[in-house]
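Sharing a structure, written as structure tokens. Questions coming.
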Amino acid sequence: ESLKSYDWVWCIDADIMIMNQTIRLENIIDNSYDVIMTTNLDSNIEHLNTGSILYKNSEWTYRFLDNIYNDGEFDKKGFWEQSAIIKYWKNNANERHHFKMVHKRLINSHYHYWFGEENYRHGDFVVHLAGTDNDYRYDTFKEMEKWIIKPDNNFKRRQKIYSYKV
């Protein structure tokens, strides 16, 4: 319903914290696509994570979301809509031009030792503590608060544009 009122809607999980407040979504959005989502450097769709995903207000997006949310196969399994989107991607190759796949460090940086080079780095837009328990999230977010990059007094809509090749 929210999508009807905006050009784009950014859906993020509750275990994400915005770390670089000088990055503007307007510089990430690409109106040539209907969905902007993330994957790893290897572009493997199995590594898709929908913890941070952008949806454009378009007829195609409405049909896509209806398809995803009406796919009851994943209602009682883990990863819910994420699994449904992976299934959709695999089964609808002719629809892939609607998706812009960006590296997760652009809008969905994870903070886990097993990601190595692809892990969150200071300056990334957000940090996502996916797959962790609430105590870990609380302690980590509390510690990371001091790393948040905020606009200074001279900030006048300047924007460093981050780009990660997928």
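Just so it is clear, none of the values below were taken in a lab; they were calculated from the coordinates. Small disclaimer: the values here were computed from a predicted structure and weren't measured. Here Cβ is always computed from backbone atoms with ideal geometry, including for glycine, and neighbour counts include all displayed protein chains.
Kindly state, as a whole number, the per residue volume in cubic angstrom of the convex hull around the alpha carbon atoms of segment 82-126.
Numbers: hull volume 4.4 nm³, N = 45.
Dividing the Cα hull volume of segment 82-126 by its residues yields 99 Å³.
Under 5 Å between amide H atoms, partner at least 5 residues away or on a different chain: which partners does residue 110 have, H built in plane at 1.01 Å?
It is 120, 128, by chain and number.
Could I ask something else about it? Stretched out fully, how many nm does the piece from residue 93 to residue 133 gain, at 0.36 nm a residue minus the Cα gap?
On the way: separation 40, 0.36 × 40 = 14.40 nm, distance 3.55 nm.
Using 0.36 nm per residue and subtracting the Cα-Cα distance, I get 10.8 nm.
OK, next. Tell me the net charge near residue 141. Cut-off is 14 Å between Cβ atoms, residue 141 excluded, with +1 for each Lys or Arg and -1 for each Asp or Glu. Each step should come with its number before you reach the end.
Numbers: positive: 137, 142, 146; negative: 13, 15, 133, 135, 139, 143, 145.
Here the count lands on -4.
Now for a different question. What distance in nm separates the simple spin-label points at residue 80 and residue 57, each placed 7 Å from Cα in the Cβ direction?
Once both label points are built, they end up 2.5 nm from each other.
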